[in-house]
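The values are calculated or read from the model by the stated rules, or taken from the named source; none is laboratory data. Since we're looking at a predicted model, the values are computed, not measured. We place every Cβ from the backbone using ideal geometry, glycine too, and count neighbours over all the protein chains shown. When the accessible area is computed, the model is the full protein with side chains, heavy atoms only, and any ligands, DNA or RNA have been set aside. Shrake-Rupley method; radii C 1.70, N 1.55, O 1.52, S 1.80 Å.
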Amino acid sequence: MITVNINGKDIKLEKAVTVLEAARSAGIKIPTLCYHEQLEKYGGCRLCLVEVEKMPRLQTACTLISADGMVIRTETEQLAEVRRGILEFLLINHPLDCPYCDKAGECELQDLVEKYGTAKGRYMEKKRTVPESLEDPVIVRNMGRCIACTRCVRMCEGVQGASAIAVINRGGHSHIEPFSGGRYDCEYCGNCVSVCPVGAIMSRLHRHSYRPWQVKENIETVCPYCGVGCTVILQVRDDVIKRVVPRIGSVVNNGMLCSRGRFGYEFVGNRERLTSPLIKKNGVFEEATWEEAISLVANRLKEARDGYGGAAVAGIASPRCTNEDNFIFQKFMRVVLGTNNIDSSARTGYAGAQSFIENISGQGATANIIAGLSNSDVVLVTGGDPTTVNPILGLQIRSCAGKGGNILTVGHVRGLRHFNPAELRPALFTETLLLEGILHSLKNTKELPGSNPKFEAKIRELNISPEDIIKTCGVSEEDFNGFLKKLSGAANPAIVIGKELIQSIGSSYKLFLVLAINYLINGRVYLLSERANEQGLIDMGCTPDSLPGCRPVAYAEFRRRYETAWKTTIPDKPGLSIFEMMDSAGSGALKAMYIMGENPLFNLPESHASEAALKNLDFLVVQDIFLTETGKLADVVLPSLGWSEKEGTFTNMERRIQRLRKAVYRDGMEDWKILSEVAKNMGVKFNYADAEEIFNEISRVSPLHRDLTYNEIEKGNALYPYKGEPLRGVMEDIVSHKGDRLDAGDKLYLGLERPLFHSGTLSTKASALLHIYPEAVATISPSTAEKFSLKPGDKVRVTTGAGSLSLPVAVDDAVHGSLVMITNNFEGKGAFALIKYIADPVTKAPVIEGIEVHLEKDGTV
Amino acid sequence: MLSEAAIKEIEAIRAKYPTARAALLPAIYVAQREFGWLSPEAYEAVSDILGIPKAIARGVATFYAMYRHRPMGRNVVQLCTNVSCMILGAEKLVDFLKNRYSLEPGGTDPDGRFSLVIMECIGACGTAPAMLVNEDFYENLTEKYIEEILGKYK
Amino acid sequence: MEKVLLKNIDNPDSADIGEYRKAGGYRSLPKALELEPKAIIEEVKKAGLRGRGGAGFPVAMKWTFASSDPKFPKYLLCNADEGEPGTFKDRPILEKNPHLLIEGMIISGYTLKAEYGYIYLRGEYPEAKHILDKAIAQAYENGFLGEKIAGKDVRFHLAVHQGAGAYICGEETALIESLEGDRGQPRIKPPFPVNVGAFSMPTVVNNVETLSNLPYIIEIGGEAYSKIGSPDCPGPKLYCVSGHIEKPGVYELPMGTILKDIIYTHCGGIKGGGKLKAVIPGGISTPVLPPDKLDCPMDFVNMPKHGSMLGSGAVIVMDESVCLVKVCYRALKFFEHESCGKCTPCREGTGWLRSILGRIEDGSGVDGDIELLLSVSGNIMGKTFCPLGDGAASVVQNFIKHFRPEFEDHIKNAGCSLKN
Ligand SMILES: Cc1cc2nc3c(=O)[nH]c(=O)nc-3n(C[C@H](O)[C@H](O)[C@H](O)COP(=O)(O)O)c2cc1C
Ligand code: SF4
Ligand code: FES
């Protein structure tokens, strides 16, 4: 405990913090510009100079560490004079264009000049001018206004770890530039924009469209894009989102955002949004009234149910809808339509992998705190690039590296390449072997802990000779041993599992290996999640085999609990998975389908087969905010309210339940509300006044959510299992499937690219993200480019056994020489059209590996 | 692309330091020699080989006055004009270079034979005025002596 | 006085290890390796050696701090940035007597238990780079550098790190940043380099001349060494004299030699018998002195008492033909060019001062400009991150203090009366 005296006031401190922090803790304001709480100390602007007794020179409060007995003065005549002088220096070359500058009103320089008074304008020379840079579509730089505080650079390099901008030149010529000097080639996190104290780096999205003080409301909600669930603040003017900003102190993302979260909000106001229900008459959509549309849907569903039984109807839920929407969705399917045929796109990886992991490692094994990653001493990354799939989680891995932790990657992980990773890059199709090799070697150095005998028995079965493995995988012995040494020496390790692993050949066996490795090193598992409420929809029971709260539908006692609550009977057999639904629709067994906020045509393999299957249905209703490719096949399309237009909750990959809030008004109904209306028309009363009422029911029926209320959630720490009871203690047999090892040869194979700037197709409705990443491309390695005489921008036809696409070429040396990478984000250019549905028999995840690709130059597009 | 020899040289430099980043300044020298100046390709090459983001490499390089931030003539005349040289006539030599060789400070002559860089003190004050041509020191300069010296550089 | 630092440099092959050894070189090293590191620090303390880079910090004290930090590895950095205008004293050591420096560094490394050393050499000395590289290779070949130095269980590795034109990299924390591959901007202190320096490890930064004193201290002992020159600040000192002087050059003289004697006795007086107008005694950042203030002993202790500083011992002599407004302007142009840009007062203030001086110099100065110069330099002085900014402000303040009429004259007569 130390005591410092600031302006005559004794301040007690737990530990020796900076004088600035000490002052702030006591409510004493010291002016600052280069200081920012998220960033490394700098001490450059000199505004925070203070007087300290017994120190001859003035000291910067932002860097000086307080010591016991220190006597400090922060506001004296002398200091006011000094600050005036410094502000004068800052202004001599600063344009006085506040009336024109978008920053006016929240400009830290402007506020300080206001407080300490302007100088008399003693500078007679011409100001140094730098033209405004509008080369970039998203970020506008106005370097004439830059005060060289370097907050942006410290953010970009030190916190975001993107290192895309730097101070160039020195002295009075210093300013900030991306590498090209004009357009950015960066992650577009926009965190530089957040920290710029003046109007030097700003978002172009709201350029000259509003002034900070015109924002009446700051609505705190959750980002719609991925499973991390960042807190975002929506600044709204006249029902238009003007800007999205993070909040320092928020639990998940603490002041940081990624490109999608910050710049991807424009889909909300997109002109292509559906406005009225559509009914297809003679093959063409006609606008209809809600009454008409809803009664039509109710009648047709009733026909199907009554005519063919609940087994003939199915529903697809949405990882972009709220828990409340999804809860009502499954309740509607089970109670009104009498079916367990409920599933979602989570089936393409996340859901199956999670059940597999939980069977071995226990319920909630993947529910680990994201921020905890940065405190690990080793992070092992498998299955792709976490910095693009879950960017804010990726930052925690970078931060771990920054704190001296070891990053180990299986395969090349682009977003971590500057973080000193120990990489093992197995040859194509030898990842399984490599994981076996790692496990085998670990087994030799580590003792099996004995806590999971069933699992250990399985692990003991593994018997291979690691020397051969290393050779076959094409990794050097030195690298392998170095990797292993770090892994086995870890005290607090974490393992990140991405979808590339889950969607590969023998994925359940690979998962088994990774879990075994994790078991031996006693680590935590992070399962990457691509959609905002993927976890929530599983918890809500939108799976064919479980009820809300992850209660298996097959267990009578669990079923009974819901049957009592809902006064109904629930079929005792698990329903169809999303893939089985497509098969059944194709074969004619399934008659009607309700799809809420999902585009299976796009997000499931074999788009052509899905299309044929959906066309084969007697009745298809699609509820969405845009008219998707799937929607176009529907008999009825129902427009719903989207993110930022409704209340509710999301559950992130940590199982943190967070509030989603309504920020803008739009005519229409929430998904749950539409479903309730349909239910009502089918004679079942779903009487919910609002989302909170639904949530209250959830917390009544779901043991995972017991006693949880919106009030509790507000506090920010509603983590699963909330006062929950432990779930099934029974461990089922560990079954995994190894699959056949392919021989790569010199053929080309399909790879799925998961770009940072897109997530599903939603992001392509946000113009900023589209500007950054405008179209689907086939990304190939320089060697492939050379072999096929292709240069960036050339058109190629990419053909597989399942289909064919024509795409422009991009060349990237991070791409494996045998892969052709394609994104799955652009309508009409979906990669899943090239993928046949072959699944891992255990996780049911489709296999997107080993799909041969034929490449040819294409002049026709 | 860097030559095989340059890559080897950078790798040897890298081995002298505990971090790759520390090899940045010397590696930039190598790349500059290979590419003639610090073109975007030069930065990319250094960035690739040391694993340092290219924007950072550029930010670092532009801090230093002696790197070549734009294409230069075949020979670089680096004339000191700091106080000791100035009071012994360095400014007249600047005029001389301008008149006799069409060399403006910071510029390159029309043939691309020389570029002129005005230097801060180059540590030859006792033999002022002084200059470096490429890596060679020349001291006690006079107009005549400069003519003689520059004659040697093609 | 016997030459220590510039010993043997008239020999055209003085940089060769054979010649150096012939002249007695590498004899202190084995002697030092027989001593306990603590004992060497004790000798250095007795010698009273102070850093020759400009600040005059006691070497033994710095070494004690670094030695007592438990972290390893430690680094020894030789500051060969020699950027202070007017300074060329380290160059003869680097080019003509590199093994003296290398021997000094090995001894220092051993004393500090530092196993890695770098010579941070300014980019403007390409020749010295080649010479040092060669000398280091020779020292490796002869077993003075490497894993088992002189057959003992002592290791020391040495390499040259070349700067690229940035005066500020002479400042020790900026030097470390630059060594680490960053922009050469000074770091926040504390922590000091002796605890958290290069690669975040305990680090000692010493000037070329400082380190080159080590072999001699070992040779004659700290006690004997302390008898050379000023009692408060002993040892041989390199003074480099330039400008309007008969015999410019680097002079090795006892510390504390009177400035006037350096100019008139050792260097033969003002060039061509001209009339002295002003002297900058310690490199451009040190306060200028008028001709009647030259009776000062040139050492770290006495110069401040006489209104200036020893700095790097770079004496710039100016005769009556020199326009001091112009010199002041040129100096500020230098500071503006070399400001790293980290802190506001220096980044913006040096340029402003330069532009005011520019207009006074070219005849467009206005009444009030001198007050403006003083006010702006006052707004810089004491508020900057590192001493560079203070140096710039002090140049302006001292030129005006001693030569104000010349500035007034420029404003009144719209230009320089010396212009022909
Ligand atoms: C702006 C500035 C420039 C400096 N330049 C040099 C230099 O060129 N050479 C040098 O040895 N010390 C220079 N110094 C001093 C160093 O910071 C440091 O004090 C010195 O290298 C310590 O070595 P010493 O104790 O042996 O003198 C400079 C200091 C400042 C503030
Ligand atoms: S005074 Fe400030 S701007 Fe000037 S060199 Fe030092 S840190 Fe850089
Ligand atoms: S806030 Fe302390 S120096 Fe800028």
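I need the full set of residues from the stretch B:90-119 which are within 11 Å of another protein chain (Cβ to nearest Cβ) and under 13 Å from the mean Cα position of the chain (by Cα), in order please. Answer for the stretch B:90-119, where residues must be within 11 Å of another protein chain (Cβ to nearest Cβ) and under 13 Å from the mean Cα position of the chain (by Cα): B:V117, B:I118, B:M119. I'd like to check something: does the stretch C:196-213 contain any residue that is more than 16 Å from ligand 1 (Cβ to nearest atom), in a helix (DSSP H, G or I) and outside the structural domain of C:K342 (by TED's automatic domain parsing)? Yes. Selection within the stretch C:331-364: residues that are open to solvent by less than 10 Å² (accessible area, probe 1.4 Å) and away from ligand 2 (no atom under 16 Å from the Cβ). The member of this set that is farthest from A:R151 (Cα to Cα) is C:I360.
Yes/no per residue for (1) buried (at least 21 other Cβ atoms within 10 Å of the Cβ); (2) at pLDDT 95 or above:
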| residue | (1), (2) |
| --- | --- |
| A:G172 | yes, yes |
| A:G199 | yes, yes |
| A:V215 | no, no |
| A:G227 | yes, yes |
| A:T231 | yes, yes |
| A:V245 | no, yes |
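Among the residues of the stretch A:6-26, how many are touching a residue at least 60 places away in the same chain (Cβ under 8 Å) and either open to solvent by 30 Å² or more (accessible area, probe 1.4 Å) or assigned to a loop (DSSP other than H, G, I, E, B) (or both)? Total meeting the criteria: 1. Condition check for A:R347 on (1) open to solvent by 20 Å² or more (accessible area, probe 1.4 Å); (2) modelled with pLDDT under 95; (3) in a loop (DSSP other than H, G, I, E, B); (4) touching a strand residue (DSSP E or B) at 6+ places or on another chain (Cβ under 9 Å): one failure, at (3).
Report yes if C:G229 is within 14 Å of chain B (Cβ to nearest Cβ) and not basic (K, R), otherwise no. The answer is no for C:G229.
Yes/no per residue for (1) assigned to a helix (DSSP H, G or I); (2) within 14 Å of chain B (Cβ to nearest Cβ); (3) touching a Lys or Arg at 6+ places or on another chain (Cβ under 9 Å):
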| site | (1), (2), (3) |
| --- | --- |
| A:V167 | no, yes, yes |
| A:G172 | yes, yes, yes |
| A:R183 | no, yes, no |
| A:V193 | yes, no, yes |
| A:V198 | no, no, yes |
| A:M202 | no, no, yes |
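Within the stretch A:499-542, the set of residues being touching a Ser or Thr at 6+ places or on another chain (Cβ under 7 Å), of a type in the set (G, A, S) and either open to solvent by 10 Å² or more (accessible area, probe 1.4 Å) or outside any loop (DSSP other than H, G, I, E, B) (or both) comprises A:S507, A:S508, A:G536.
Applying the condition of being part of a loop (DSSP other than H, G, I, E, B) and in contact with a strand residue (DSSP E or B) (Cβ under 7 Å, 6 or more places away or on another chain) to the stretch A:52-66 and asking which residue is farthest from the other protein chains (Cβ to nearest Cβ) yields A:E53. Restricting A:L109, A:L90 to those that are assigned to a helix (DSSP H, G or I), open to solvent by less than 30 Å² (accessible area, probe 1.4 Å) and within 16 Å of ligand 2 (Cβ to nearest atom) reduces the list to A:L90.
Within the stretch C:115-151, the set of residues being in contact (Cβ under 8 Å) with a residue 60 or more places away in the chain and touching a Pro at 6+ places or on another chain (Cβ under 6 Å) comprises C:I131, C:A135, C:A150. Among the residues of the stretch A:820-827, are any within 19 Å of A:F602 (Cβ to Cβ) and either assigned by TED's automatic domain parsing to the domain that holds A:E135 or surrounded by fewer than 19 Cβ atoms within 10 Å (Cβ to Cβ) (or both)? Yes, some residue in the stretch A:820-827 is within 19 Å of A:F602 (Cβ to Cβ) and either assigned by TED's automatic domain parsing to the domain that holds A:E135 or surrounded by fewer than 19 Cβ atoms within 10 Å (Cβ to Cβ) (or both).
Within the stretch B:1-13, being buried (at least 20 other Cβ atoms within 10 Å of the Cβ) and within 11 Å of chain C (Cβ to nearest Cβ) holds for one residue alone: B:I13. Would you be able to say whether some residue in the stretch A:392-401 is open to solvent by 10 Å² or more (accessible area, probe 1.4 Å) and either touching an Asp or Glu at 6+ places or on another chain (Cβ under 6 Å) or in a loop (DSSP other than H, G, I, E, B) (or both)? No - not one qualifying residue is present in the stretch A:392-401. Scanning the stretch B:14-54 for residues that are more than 8 Å from chain C (Cβ to nearest Cβ), crowded, with 16+ Cβ neighbours inside 10 Å and under 17 Å from the mean Cα position of the chain (by Cα) yields a count of 10. Taking the criterion of being within 14 Å of chain A (Cβ to nearest Cβ), open to solvent by 20 Å² or more (accessible area, probe 1.4 Å) and not acidic (D, E), the only residue of the stretch C:387-401 that qualifies is C:P387. Consider the stretch A:586-611 and keep the residues that are within 32 Å of the chain's Cα centre (by Cα) and aliphatic (A, V, I, L, M). The one that is most open to solvent (accessible area, probe 1.4 Å) is A:A609. Looking only at residues in the stretch C:361-386 that are assigned to a helix (DSSP H, G or I) and in contact with a Gly (Cβ under 9 Å, 6 or more places away or on another chain), the one that is farthest from ligand 3 (Cβ to nearest atom) is C:E361. The residues of the stretch A:41-51 that are assigned to a loop (DSSP other than H, G, I, E, B) and either more than 16 Å from ligand 2 (Cβ to nearest atom) or free of Cβ contacts under 8 Å to residues at least 24 places away in the same chain (or both), listed by number, are A:K41, A:G43. Within the option set C:P236, C:P248, C:P190, being away from ligand 1 (no atom under 11 Å from the Cβ), more than 20 Å from A:G43 (Cβ to Cβ) and out of contact with any Cys (no Cβ under 8 Å at 6 or more places or on another chain) holds for one residue only, C:P236.
Of the residues making up the stretch C:133-187, those that are assigned to a loop (DSSP other than H, G, I, E, B) and either farther than 24 Å from B:A20 by Cα or assigned by TED's automatic domain parsing to the domain that holds C:L388 (or both) number 7. Looking only at residues in the stretch C:277-330 that are within 15 Å of C:D261 (Cα to Cα) and touching a His at 6+ places or on another chain (Cβ under 6 Å), the one that is nearest to the other protein chains (Cβ to nearest Cβ) is C:V317. Here the helices (runs of 4 or more DSSP H) wholly within the stretch C:29-107 that include at least 3 residues being surrounded by fewer than 20 Cβ atoms within 10 Å (Cβ to Cβ) are C:37-47, C:59-68.
With respect to A:M143, is the statement that it is in the same structural domain as A:S25 (by TED's automatic domain parsing), touching a strand residue (DSSP E or B) at 6+ places or on another chain (Cβ under 6 Å) and more than 14 Å from ligand 3 (Cβ to nearest atom) true? It is false that A:M143 is in the same structural domain as A:S25 (by TED's automatic domain parsing), touching a strand residue (DSSP E or B) at 6+ places or on another chain (Cβ under 6 Å) and more than 14 Å from ligand 3 (Cβ to nearest atom). Of all the criteria given as (1) within 11 Å of another protein chain (Cβ to nearest Cβ); (2) in contact (Cβ under 8 Å) with a residue 12 or more places away in the chain; (3) not in a loop (DSSP other than H, G, I, E, B), the one not satisfied by A:E157 is (2).
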